[in-house]
Amino acid sequence: MKIRKVQKSDNKQLADLIRAAFIEYDAPRQGTVFSDPTTDNLYELFQNEKSVLWVAEKDGEILGCCGIYPTVGLPKGCAELVKFYLLAKARGKGLGTVLMEQSIESAKELDYSEIYIETLPEFDNAVGMYERAGFEQLDKPLGDSGHTGCDIWMIKKL
C-alpha cells in the first residue's frame, strides 16, 4: 500500500468512496460533503497551495483519503481536517490513523497552529478517534465550510 497526494484520475473513485460512507451509515446527505459539488473534483480543490489531500492506494484501488484545507472563515493559523473517509474493508486496520497523522504532519509543515474538524454523530467511531488524537469538542462551528448538516465540531492545537 502507498500513501500519496491526490491525482486528477482519483476524482471519481474518491467521490464514490465518500458517498458510500454516507450511504453505509445512513448519514444526512444535504448540508454535508455528500451533496457538496466539490466532492466530484477533489484534485482541483486541493490545488490550493495551503492544502493537501492524501490518498491510500493498494493495487490501483483507493482505500481512503484525508487532507488539510484552509476553509474560508477559520481563524488565522487554523486549517480544517477534511475528506477523511475509508472504504469499509479498510477500517479497523490502522490506516485511518496513518492518514490522519500524515495530514496533521502536513498541517504543521504548512505552518498551521490548529486543526478544526466537522463531523456527524453517525460517524461515532471517527469521533472517538479524533478525541484520542487530542481533538476537543466545540459548542459551535468555525469557518464557512457550507456543511450545515454537521453538528459535531472539534479542534486540536498543534
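Rule-based calculations on the coordinates, nothing more; no lab input. Nothing here was measured: the structure is a model prediction, and the numbers come from that model. Cβ: placed from backbone, ideal geometry, glycine included. Neighbour counts: every protein chain shown.
So what's the Cα pair-distance distribution over region 1-143, bin width 10 Å, in %?
Spelled out bin by bin, region 1-143 gives 11, 45, 39, 5, 0 percent.
Among the lysines, select those whose C-alpha is under 22 Å from the C-alpha of K50, and discard any that sit fewer than 8 residues away in the same chain.
Answer for K50, where 22 Å is the Cα cut-off: K5, K8, K76, K83, K108, K156, K157, listed by chain and number.
Once you put a point 7 Å from the Cα of Q30 and another 7 Å from the Cα of R91, both along the Cβ direction, what distance in nm separates them?
Spacing of the two 7 Å Cα→Cβ label points: 2.5 nm.
Given R₀ = 30 Å, what would the calculated FRET efficiency be for R4 paired with L158, taking r from the Cβ atoms and rounding to 0.05?
So the FRET efficiency works out to roughly 0.85.
Could you check the spin-label model distance between E44 and N125? Points 7 Å from the Cα along Cα→Cβ, value in nm.
Those two pseudo-labels are separated by 3.3 nm.
Using a Förster distance of 30 Å, how high is the FRET efficiency between D139 and E105, based on the Cβ-Cβ distance and rounded to 0.05?
Rounded to the nearest 0.05, the efficiency is 0.60.
Sort region 89-158 into rounded, prolate or oblate with this rule: let a ≥ b ≥ c be the square roots of the eigenvalues of the Cα gyration tensor; rounded if a/c is under 1.5, and if a/c is not under 1.5, prolate when a/b is larger than b/c, oblate otherwise.
Oblate, since a/c reaches 1.5 and b/c is not below a/b.
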